[in-house]
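> Just passing along the structure, written as structure tokens.
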Amino acid sequence: METHVVDHPLAAALLTTMRDARSSNPAFRAALRELTHMLIYEAIRDAEIEEFEVATPVAPARGVRLANPPLLVPVLRAGLGMVEQASSLIPQSQVGFVGMARDETTHEPVPYLESLPEDLSGIPVYVLDPMLATGGSMVRTIELLVERGATDVTAVCVVAAPQGVAALADSGLPIRLVVAAVDAGLNEDAYIVPGLGDAGDRQFGPRNIL
Ligand SMILES: O=P(O)(O)OC[C@H]1O[C@H](OP(=O)(O)OP(=O)(O)O)[C@H](O)[C@@H]1O
Ligand SMILES: O=c1cc[nH]c(=O)[nH]1
Ligand SMILES: [Mg+2]
């Protein structure tokens, strides 16, 4: 599996704000928004383009646009904090939604919402979720996409554990990973260490289901 770690001082500074337990929910959300900008910028670097002609005030010029804009899929809740920035960078993109909550005892993902186009064949899909811990939620999400015909999926994450990266690689699913950092591991509650805590709670407060 292709893994691209976005190694950049500005990305590292934003990630530091997200890691810092003293950062307020609004500060955490703002840093995630800005960091998403950099992750998407890197993720789309090699996307296919098509050319067309534009007229400047002076002369004709070569214009370019994305040949095949991606479908963006934030994984609720935590991925919601990435979707506005991603869709403003790629205004032609459409957005689908997956709701997934990890059971706090078993650490297994429990899907609770699936709002996606019927047929994803030929459409690049960018899954947005800041956290890749055991990898269970991301693998389950990509399985939902593959069931609809997706063959080109990019996971855009902020922090990953090595176990999550391995789970994606071992899944055999058509996936590449763009991430700001791969941390040391997981603790007994399957939280990433050092990580940044619960990315959903740090944006929105505690969740009330599961
Ligand atoms: O790799 P995994 O072990 O599956 O863990 C990662 C998942 O956990 C978090 O969501 P959570 O279940 O906390 O839901 P939330 O976004 O609503 O807080 C995170 O946003 C991922 O979706
Ligand atoms: O560290 C972790 C693991 C799962 N989900 C989170 O939000 N954070
Ligand atoms: Mg959470």
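The values are calculated or read from the model by the stated rules, or taken from the named source; none is laboratory data. This is a predicted model, so every value here is computed, not measured. Note that each Cβ is placed from the backbone with ideal geometry, even for glycine, and that neighbours are counted across all protein chains shown. Note: accessible area is taken over every heavy atom of the protein model, side chains too, but ligands, DNA and RNA are not part of it. Shrake-Rupley method; radii C 1.70, N 1.55, O 1.52, S 1.80 Å.
> Normalised by the residues of the chain, what does the relative contact order come to in percent, with Cα pairs under 8 Å and at least six apart?
Result for the chain is 22 percent.
> Right, something else. Tell me the net charge near Ala67. Cut-off is 15 Å between Cβ atoms, Ala67 excluded, with +1 for each Lys or Arg and -1 for each Asp or Glu.
With Lys, Arg at +1 and Asp, Glu at -1, the neighbours total -2.
> Would region 168-210 count as rounded, prolate or oblate if I go by the C-alpha gyration tensor, calling it rounded below 1.5 in a/c and otherwise prolate when a/b exceeds b/c, oblate otherwise?
Prolate is the answer for region 168-210, as a/c is 1.5 or above and a/b outweighs b/c.
> Taking the 0 to 90 degree range and rounding to the nearest ten, how far is the long axis of helix 162-171 tilted relative to the main principal axis of the chain, both from C-alpha atoms?
So the inclination is approximately 60 degrees.
> Also, quick follow-up: Highest mean first, how do 67-77, 8-18, 44-54 rank when packing is the count of other Cβ atoms within 10 Å averaged over residues?
Per-residue mean Cβ counts within 10 Å order the peptides as 67-77, 8-18, 44-54.
> Okay, next question. So, for the chain, what is the accessible surface per residue at a probe of 1.4 Å, expressed in square angstrom?
For the chain, the solvent-accessible area averages 49 Å² per residue.
> What do the square roots of 5 times the Cα gyration tensor eigenvalues come to for region 112-162, in whole Å, largest first, as semi-axes of the equivalent ellipsoid?
20, 12, 9
> Moving on to the next point. Which three extents, in angstrom, do the Cα atoms of region 105-210 have along their principal axes, listed largest first?
38, 29, 23
> If you don't mind, another one. If I compute solvent accessible area with a 1.4 Å probe over the protein chains, what percent of it on region 1-113 is carbon and sulfur?
Reported share for carbon and sulfur atoms: 53 percent.
> Something else now. 7 Å from Cα along Cα→Cβ at both Met1 and Val193: what's the point-to-point distance in nm?
Inter-label distance under the simple model: 2.2 nm.
> How would region 8-83 be classified by its alpha-carbon gyration tensor: rounded, prolate or oblate, with rounded meaning a/c under 1.5 and the a/b versus b/c comparison settling the rest?
Judged from the Cα gyration tensor, region 8-83 comes out prolate (a/c at least 1.5, a/b above b/c).
> Here's another thing I want to ask about it. Between 0 and 90 degrees, rounded to the nearest ten: what's the tilt of helix 136-147 against the longest Cα principal axis of the chain?
Between helix and principal axis, roughly 40 degrees.
> For region 139-210, with all protein chains present and a 1.4 Å probe, just round the carbon and sulfur fraction of the accessible area to a whole percent.
In region 139-210, the share of accessible area belonging to carbon and sulfur is 53 percent.
> For the chain, just the Cα set please: Rg and Dmax, both in angstrom.
17.4, 65
> Quick one: among Glu118, Glu84, Glu34, which has the greatest mean-square fluctuation in a GNM of the chain with alpha-carbon springs under 10 angstrom?
Residue with maximal mean-square fluctuation among Glu118, Glu84, Glu34: Glu118.
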